[in-house]
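Let me begin by presenting the structure, written as structure tokens, before commenting on it.
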Amino acid sequence: MENKISIYNTLTKKVEKFIPNEDGKVGMYTCGPTVYHFAHIGNLRSYIMEDVLEKTLRYAGYDVKRVMNITDVGHLSSDADTGEDKMLKGAKREKKTVMEIAKFYTDAFFSDCAKLNIKTPDVVEPATNCIDNFIQMVDTLINKGFAYIAGENVYFDTSKLDDYYVFSSQSEKELLVGVRDDVEEDTNKRNKSDFVLWFTKSKFDNQELKWDSPWGVGYPGWHIECSGISIKHLGEYMDIHCGGVDNIFPHHTNEIAQSEAFLGHKWCNYWLHVHHLNDKSGKMSKSKGEFLTVSLLEEKGYNPLAYRMFCLQSHYRKPLEFSYEVLDNIVTAYDKLLKAVAKLKDEGEVDKEAFESYKTKFEDALNNDLNTSMAITMLYEVLKADINDKTKLELINSFDYVLSLDLTALRNADNGVDEEFEAHIQALIEERTAAKKEKNFARADEIRNQLLEEGIILKDTREGVIWERA
Ligand code: AMP
Ligand code: ZN
């Protein structure tokens, strides 16, 4: 098939035509969450934009297989192999076991994703499912001379590679080597940039999850997880790998080092990185300032999809600053958009020529390094265009496959309900609002449940209560 998509490849530092290894098929890997806490909306910016990438590929006709790991062991507080395991920290914080924490926050992550219309990848694999794969990889790396045992840990020997810092220019390399000087020194390492493939009990006595290995009872390093899981499900050649920019170094740099040493050839051709969402004070954090989660936005009355639109309005390769003022503006725009779509009449014939012409423009925007704000502009162009409503509706439904903003939510909410039933719903909504005012939450819940039984879901939004068919 024709390859029409261009994306910025962090490996070559250029916008390049995307050409998969196998015609029409794409193997895509996403670094998944470390499930020790809720995802913040910064993390979710990365997952929203990766979702757009996947859907852009599918929209163009590719058969995509997308794999994502769940990090439930081995991610230490510092990405440079120091500090405590994040999962253990989470377990201590909540006085639960690591597996309880992993289950709870994995479910919370997918619930957030569902609210943001992020599709679940085809394969989701927790690291703790694949310990044998990691052990086998580490074993091969030792046998090939790329890894060594020191102080009861297994390390990757970065001096065995011609170019370890694959993503970096010469000046950046010097900077990175400099930065590493500050990292707490691990005297077991032969080279400062070496990293741990397998930890044994010598590192943390209180590590909860440990497995037997040829090198002692222990647990895998974070980086080997993504190499092991992606090779297990996508084979020796992968088309595109993505994550947030903080993953470029050391995580993705280490993934490439160990995967290519293990396989003996080039592994992944395209690397896509989403820039960070920052708050006014700078880096988004789970421990300092306001912990911005999807639930917090909901508590404040925001529809999570307004946050998705917030992300789509800016390019993934630019840092984005979060502010409630901007989000409020987006909410207003989003509501107007839904209302405009709700007014379109589902009558007449689709104008095929106009449909193809606007669809091509929409695709061109996305295919040009995921220009999502231009894609949204195309949506407004369609609404303004001198074409019939039926064609507009077809286009909007088609665009929404990628944008995933539930653009027809309001019109679907009003669809297929006779006037009498509508009046009944409205009366119950009013009664519920009054009950809530009087703090009679039991009655309010009763009304919500009654409507649910009648096939109607209520949604509390900033603009008041809206309802949809269940
Ligand atoms: P973690 O759960 O810490 O492994 O991170 C999950 C994903 O979120 C990774 O792809 C990170 O690169 C990404 N990420 C972390 N912080 C941010 C941020 N502020 N903005 C966007 N993406 C982020
Ligand atoms: Zn990863």
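Where only protein heavy atoms count, and the probe is 1.4 Å, what is the accessible area per residue for segment 419-469 in Å²? Each step should come with its number before you reach the end.
On the way: 3430 Å² over 51 residues.
Per-residue accessible area for segment 419-469 comes out at 67 Å².
Can you run the Rg to Rh ratio on segment 310-383? Use alpha carbon positions and the Kirkwood inverse-distance Rh. Could you put the intermediate results ahead of the total?
Details: Rg = 14.7 Å, Rh = 14.1 Å.
Value, to two decimals: 1.04.
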Cβ-based net charge around LYS4, under 11 Å, with every Lys or Arg adding one and every Asp or Glu removing one: -2
Carbon and sulfur %, accessible surface of segment 419-469 computed with the full protein complex present, 1.4 Å: 50
For q = 0.25 Å⁻¹, Debye-computed log10 I/I(0) when each Cα of segment 419-469 counts as one equal scatterer: -0.99
Estimated FRET transfer efficiency when R0 is 35 angstrom, pair ASP162-ASN3 (beta carbons, to 0.05): 0.70
Protein accessible area in segment 23-134, 1.4 Å probe - carbon and sulfur %: 53
Extension reserve of the GLU84-ASN412 stretch, reckoned as 0.36 nm per residue once the Cα distance is removed: 113.1 nm
Whole-percent pair-distance distribution, where bins are 5 Å wide, for the alpha carbons of segment 3-43: 5, 16, 16, 19, 14, 13, 12, 5
Value of Rg to Rh for the chain (Rh from inverse mean 1/r over Cα pairs, i.e. Kirkwood): 1.01
Contour minus Cα-Cα distance for THR377 and LYS192 (0.36 nm per residue): 61.8 nm
Per residue convex hull volume, Cα atoms of segment 279-325, in Å³: 88
Eligible aspartates and glutamates near LYS280 by straight Cα distance, threshold 14 Å, same-chain separation 8 or greater: GLU290, GLU321, GLU325
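Whole number in Å², please: accessible area per residue of segment 313-403, 1.4 Å probe, ligands, DNA and RNA not counted.
Values: 4600 Å² over 91 residues.
Ligands and nucleic acids excluded, the figure is 51 Å² per residue.
Which net charge results for the neighbourhood of LEU116, defined as the other residues with beta-carbon distances under 12 angstrom from its beta-carbon, given Lys and Arg at +1 and Asp and Glu at -1?
On the way: positive: ARG45, LYS115, LYS119, ARG308; negative: GLU50, ASP51, ASP112, GLU298, ASP406.
Summing Lys and Arg as +1 and Asp and Glu as -1 gives -1.
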Cα convex hull of segment 18-274, projected area averaged across orientations, nm²: 13.3
Most to least accessible of ARG469, ARG45, ARG411 (protein chains only, probe 1.4 Å): ARG469, ARG411, ARG45
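The values are calculated or read from the model by the stated rules, or taken from the named source; none is laboratory data. Quick caveat: nothing in here was measured; it's all calculated off a predicted structure. Backbone-built Cβ (ideal geometry, glycine too); neighbour counts: all protein chains shown. What goes into the accessible areas is simple: the full protein's heavy atoms, side chains included, and nothing from ligands, DNA or RNA. Shrake-Rupley method; radii C 1.70, N 1.55, O 1.52, S 1.80 Å.
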